[in-house]
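Asks: Structure incoming, see below.
The values are calculated or read from the model by the stated rules, or taken from the named source; none is laboratory data. The structure displayed is predicted, hence computed values, not measured ones. Neighbour counts are summed over all protein chains in view; Cβ atoms, including those assigned to glycine, are modelled from backbone coordinates with ideal geometry.
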C-alpha cells in the first residue's frame, strides 16, 4: 500500500534523510525505531506532505499509485485525514484549547465535505465511543480531560474518515505506563478490527517489540535494518540495532558500599494544599503527600516510582526544603530541616532535574553554572582555586576542563546533563536527588549517564534518591525502591524483590503495564 | 463562570473606590485650598469664603467625600466654576464627540490591523511581511499630530473633501461623521500599526502550536488552520491591546482634538486645568477612570467568551 523508495530529504541544504526505503502493507503495523534526530518524524511528515519550509525531497513515496512527494498541496489536503491520519507525541497540546472535543473530531468530516454538520456530530460521537470515551460528552473542552483521554480524542479525529494508514509519532511517550498500555491496546485493536495500517514511530524498542509486525531501525537519516519484529530483535544484524537493544536493557555495574548510617530520615510526612477557591470559600484541602516515611542510608541508591499526580514531585520539593510541610519530620544528616533548611545541609544534598537546559541560564558560562552552589559554603573557594574545583567537577563527569568557558547551547543533551551533575557535585554533597534525571535522554545517552552515576557513587560514596516513572531505569540503578500512589508509599523493599514479587496490587498493575523487551537470547536457543 | 464574573466585578468596584479616594485626596485634601488656587493671588477673603461654600469645601473631608460620591451616583457632578453650568451637562456634550471618535478610530484601526497582521503572519519572511513590518514601524514613529496636519493639508486644504476642523453637532449625522473622519484616521494610524504587530506576533506564536499541526494532519489547508484554529487563540493578547487602546482613545485624543478643534473630553479636562476649574477636573477625571475600568472589565468578559478555561469555577 505504502512504498517509499530511496527517499532523501534536505532542509535548507542540510541532509536529513538518506535513501530511505520502506513498505507498509494493508493491516500491518510497522515500527519505526530510532533515537532523536534519526529522521523518524521527518519520514512521517514527508508522507503527510507536512515538511517544514526549505525542505527538498528526492525519491518516491507511493500510496498505491500516487506519489505523495510530487502531489500538489490541494491534493495533499484532500488526502490528509482522508487516506492518512496522524497523531503526535504531546496530547496535552495537540488539541485546540478553545474548541470542544466534539467539534475537533467532527472537523475532519466537515473539512472534507463528507458529512453535514449534524451527521458529523453523530459520527464524532461514534468515533469517540470507538476509542473508549463513551462517557465523555461532545461538548467537553480539552482542559477537562486527562492526557490519555486527549490522546484518544486525537485518535478519534485521525480515524474519523476511516483512513487506510494511521501514523502515530511517539503516541505514548508523554504518558504514564498504565495509560500507555491502554493507548497501545486501542491502536492494536483498531488495526485488528478496522483493518487500517499503522506506522508506529518510537524511540522505545520495548513498545514496538510488543506491537509491530515488522520493525525498521533508523540511524542518522537512513534505515539500517528492517525485517519482521522477531527477526530484528533476535538477530540484531546491524551493530546499531544491537547497541540500541543493549542500551535499552543497560544495567550499569555498581559496587554498593551501603553503610547502616541513615542520612535522610522522613517520618509521617504530610503535604496539604489548600483547596481550590469556590465562589466565596475554599474547597476541601488536597493532601498530596499523606504520611510518607522512609530512610535513605549512606551509599544507598533508593528509587521512588509512581505515575504522574501521585505526589512524587511534591514529595521531592518538600525533601529539598522548597515547600513547607503540614506534618511529620525530615531529618537530614541527623538534623531536622524544618521549618527552613540550613545552608550547610543544602550543600550536602543536591539535585539534578529532567531538563538540564531549562535549569540553566542560557547567558551564563559553564563555570558560572557549575560554581553557583558555592554560595552555600561559608568559605567558598575563589579565583584560581574556584576554577580548579570546577575543572575537577568537569573531569569527574568526563567533560574537558576547557568546556568551562563555553555556554550551555554548545552542548548536546547528554553533555548538558553531565554539566548538571557536575553542578550538583561541586559542593561535595553526600546525597544526590535525581528527579527524572535521565528521562528525556535517548537510550544510548541514558545508558552512559547511568554508568557515570554508578561510577560517581562508587568514587564518592554518594547516596541517590532516584525519582522516575521509568521502571526499567529504576530497576537498573537502585538497591531499594518506594512505590507511591495517591500520596502514599504503598510498597517498599529491595528493588529485586519488589519487581519480582510485587505484593501490592498497584505495584503489580504498574509492572504489568510496563512494556518489556523480550529476552531474545532465550528464544533463539 | 459565576466566580470569574464575581471576582472581576468585585475588582471593578474596588478599583473605582480606590480611584475616587485618590482623586478626591489629590485635588481637595492635599496641600492648600482649592478655592484660593482657583481665585488666584488677589482674592479677597469674602470671595474665597463664598467660593468655598459654593464648592462645598466646608465641613470635614469625610462628609465632603461622601457628598461628592453620592452626588456622582445620582448624576450630580457639581457645577463648573468657569462655565456656570452643571458639569454633567458639559460632560454629556463632550462624550457625544469623544466616544464616537474613539469607537470610530478603534474600528478603523481594527479593520486595518486584523487583515494586515494576518497577511504578515501567514507570509512570514516574505517581502509582504517585511513591507508590512516596515510600514507599521513608520506608523508608530510618525507623531499623530503631524500626520493629522498632513491629512488636513491634503484632504481639507487641497482636495477640499473634508473640513479642516470643528464639529457641527449630531443634528446632521453625515456631517458629524465627516467631521470625525480625519481625526479618526489620525488616531487610528499608530493604533493600527501597534495592533497589526501584536496580531502578527500572536498569530505566529499560535501557528507554532501542536494543535495547528494536528489540524493540518486532519486535512485543513494552511488558511483553514489559521481561520479555524489560530485566529481565536491569538485573540487574547490582541484583546488586551484593543482594551488599552480604547481607554487611551477616550481620554488621550486631546492633541488630535486640539488640531481639529473638536469639543471632546480631552479638551474639556485640559481647559479645566488651565482655568483652574477643579470641579470639572475632578469629575471628568473620575469619569475617565470609570470608563477605563469599565473597558478593562469588558475585556475580561471577552477573555472568558474566547477562552473556556477561564470559565471554570
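Asks: From the list A:129, A:176, which one is at pLDDT below 90, more than 14 Å from chain B (Cβ to nearest Cβ) and surrounded by fewer than 22 Cβ atoms within 10 Å (Cβ to Cβ)? First the steps, then the outcome.
Replies: Working: A:129 fails: at pLDDT below 90.
Matching residue, one of A:129, A:176: A:176.
Asks: With the structure loaded, tell me whether residue A:124 is out of contact with any strand residue (DSSP E or B) (no Cβ under 7 Å at 6 or more places or on another chain), surrounded by 21 or more Cβ atoms within 10 Å (Cβ to Cβ) and in a helix (DSSP H, G or I) or whether it fails that test.
Replies: Working: out of contact with any strand residue (DSSP E or B) (no Cβ under 7 Å at 6 or more places or on another chain): yes; surrounded by 21 or more Cβ atoms within 10 Å (Cβ to Cβ): yes; in a helix (DSSP H, G or I): yes.
In short, yes.
Asks: Right, next: Which of the following residues is touching a residue at least 40 places away in the same chain (Cβ under 8 Å) and closer than 19 Å to residue B:290 by Cβ: B:246, B:260? Please lay out each step first, then the result.
Replies: Working: B:260 fails: closer than 19 Å to residue B:290 by Cβ.
Result: B:246 is the single residue among B:246, B:260 that is touching a residue at least 40 places away in the same chain (Cβ under 8 Å) and closer than 19 Å to residue B:290 by Cβ.
Asks: May I pose another question? Given the criteria without any contact (Cβ under 8 Å) to a residue 24 or more places away in the chain and at the interface with another protein chain (Cβ under 10 Å from one of its Cβ atoms), does residue A:108 qualify? Spell out how you get there, then give the answer.
Replies: Details: without any contact (Cβ under 8 Å) to a residue 24 or more places away in the chain: no; at the interface with another protein chain (Cβ under 10 Å from one of its Cβ atoms): yes.
So residue A:108 does not fit the description; no.
Asks: Which of the strands (runs of 3 or more DSSP E) contained wholly in region A:9-104 include at least 2 residues that are over 23 Å from residue A:444 (Cβ atoms)? I'd like the intermediate steps shown before the answer.
Replies: Numbers: elements: A:14-24, A:29-33, A:55-63, A:84-87.
Hits in region A:9-104: A:14-24, A:55-63, A:84-87.
Asks: Do we find that residue B:297 is in contact with a helix residue (DSSP H, G or I) (Cβ under 8 Å, 6 or more places away or on another chain) and either surrounded by fewer than 19 Cβ atoms within 10 Å (Cβ to Cβ) or not assigned by TED's automatic domain parsing to the domain that holds residue B:146 (or both) in this structure? Can you show your working first?
Replies: Details: in contact with a helix residue (DSSP H, G or I) (Cβ under 8 Å, 6 or more places away or on another chain): yes; either surrounded by fewer than 19 Cβ atoms within 10 Å (Cβ to Cβ) or not assigned by TED's automatic domain parsing to the domain that holds residue B:146 (or both): yes.
When the stated conditions are applied, residue B:297 passes them.
Asks: Being in a helix (DSSP H, G or I) and over 18 Å from residue A:96 (Cα atoms) is the filter here, so list the residues in region A:128-156 that pass it.
Replies: As a first pass, look at region A:128-156 and keep what is in a helix (DSSP H, G or I): A:128-130, A:142-144, A:147-156.
The answer is A:129, A:130.
Asks: Just to verify a result, which residue in region B:273-313, among those that are away from chain A (no Cβ under 14 Å) and without any contact (Cβ under 8 Å) to a residue 40 or more places away in the chain, is nearest to the chain's Cα centre (by Cα)? Don't jump to the end; show me each part of the working.
Replies: Keep residues of region B:273-313 that are away from chain A (no Cβ under 14 Å), which gives B:273-301.
Filter once more, so that each one left must be without any contact (Cβ under 8 Å) to a residue 40 or more places away in the chain: B:273-274, B:288.
On the way: B:273: 19, B:274: 22, B:288: 8 Å.
Selected residue: B:288.
Asks: Now, a different point. Using the structure shown, decide if residue A:250 is closer than 30 Å to residue A:232 by Cβ and surrounded by 15 or more Cβ atoms within 10 Å (Cβ to Cβ). Steps first, answer last, please.
Replies: Numbers: closer than 30 Å to residue A:232 by Cβ: yes; surrounded by 15 or more Cβ atoms within 10 Å (Cβ to Cβ): yes.
Yes: the conditions hold for residue A:250.
Asks: All but one of (1) within 12 Å of chain B (Cβ to nearest Cβ); (2) in contact (Cβ under 8 Å) with a residue 24 or more places away in the chain hold for residue A:20; state the number of the condition that does not hold.
Replies: Of the numbered conditions (1) within 12 Å of chain B (Cβ to nearest Cβ); (2) in contact (Cβ under 8 Å) with a residue 24 or more places away in the chain, the odd one out for residue A:20 is (1).
Asks: Could you list, in sequence order, all residues of region B:214-257 that are in contact with a strand residue (DSSP E or B) (Cβ under 9 Å, 6 or more places away or on another chain) and surrounded by fewer than 20 Cβ atoms within 10 Å (Cβ to Cβ)?
Replies: Filtering region B:214-257 for residues in contact with a strand residue (DSSP E or B) (Cβ under 9 Å, 6 or more places away or on another chain) gives B:214, B:216-220.
Passing the criteria: none in range.
Asks: Could you list, ordered by first residue, the pairs with Cβ atoms under 6 Å in which the first is in region B:204-215 and more than 10 Å from chain A (Cβ to nearest Cβ) and on the phi < 0 side of the Ramachandran plot and the second is assigned to a helix (DSSP H, G or I) and crowded, with 17+ Cβ neighbours inside 10 Å, at least 6 apart or interchain?
Replies: B:204/B:121; B:207/B:230
Asks: On the given criteria, is residue A:171 buried (at least 20 other Cβ atoms within 10 Å of the Cβ), within 30 Å of residue A:508 (Cβ to Cβ) and either touching a strand residue (DSSP E or B) at 6+ places or on another chain (Cβ under 7 Å) or without any contact (Cβ under 8 Å) to a residue 12 or more places away in the chain (or both)? Explain how you work it out, then say what you get.
Replies: Working: buried (at least 20 other Cβ atoms within 10 Å of the Cβ): yes; within 30 Å of residue A:508 (Cβ to Cβ): yes; either touching a strand residue (DSSP E or B) at 6+ places or on another chain (Cβ under 7 Å) or without any contact (Cβ under 8 Å) to a residue 12 or more places away in the chain (or both): yes.
Spelling it out, residue A:171 is indeed buried (at least 20 other Cβ atoms within 10 Å of the Cβ), within 30 Å of residue A:508 (Cβ to Cβ) and either touching a strand residue (DSSP E or B) at 6+ places or on another chain (Cβ under 7 Å) or without any contact (Cβ under 8 Å) to a residue 12 or more places away in the chain (or both).
Asks: I'm trying to understand the selection: among the residues of region A:324-335, which are more than 18 Å from residue A:463 (Cα to Cα) and in contact with a strand residue (DSSP E or B) (Cβ under 7 Å, 6 or more places away or on another chain)?
Replies: Let us first name the residues in region A:324-335 that are more than 18 Å from residue A:463 (Cα to Cα), namely A:324-329.
Hits for region A:324-335 are A:325, A:326, A:327, A:328, A:329.
Asks: Tell me yes or no: at least one residue of region A:51-61 is more than 13 Å from chain B (Cβ to nearest Cβ) and within 23 Å of residue B:209 (Cα to Cα).
Replies: So the first thing to find is which residues in region A:51-61 are more than 13 Å from chain B (Cβ to nearest Cβ), and the list is A:55-61.
When the remaining residues are screened for being within 23 Å of residue B:209 (Cα to Cα), the result is A:55.
Yes, the conditions are met somewhere in region A:51-61.
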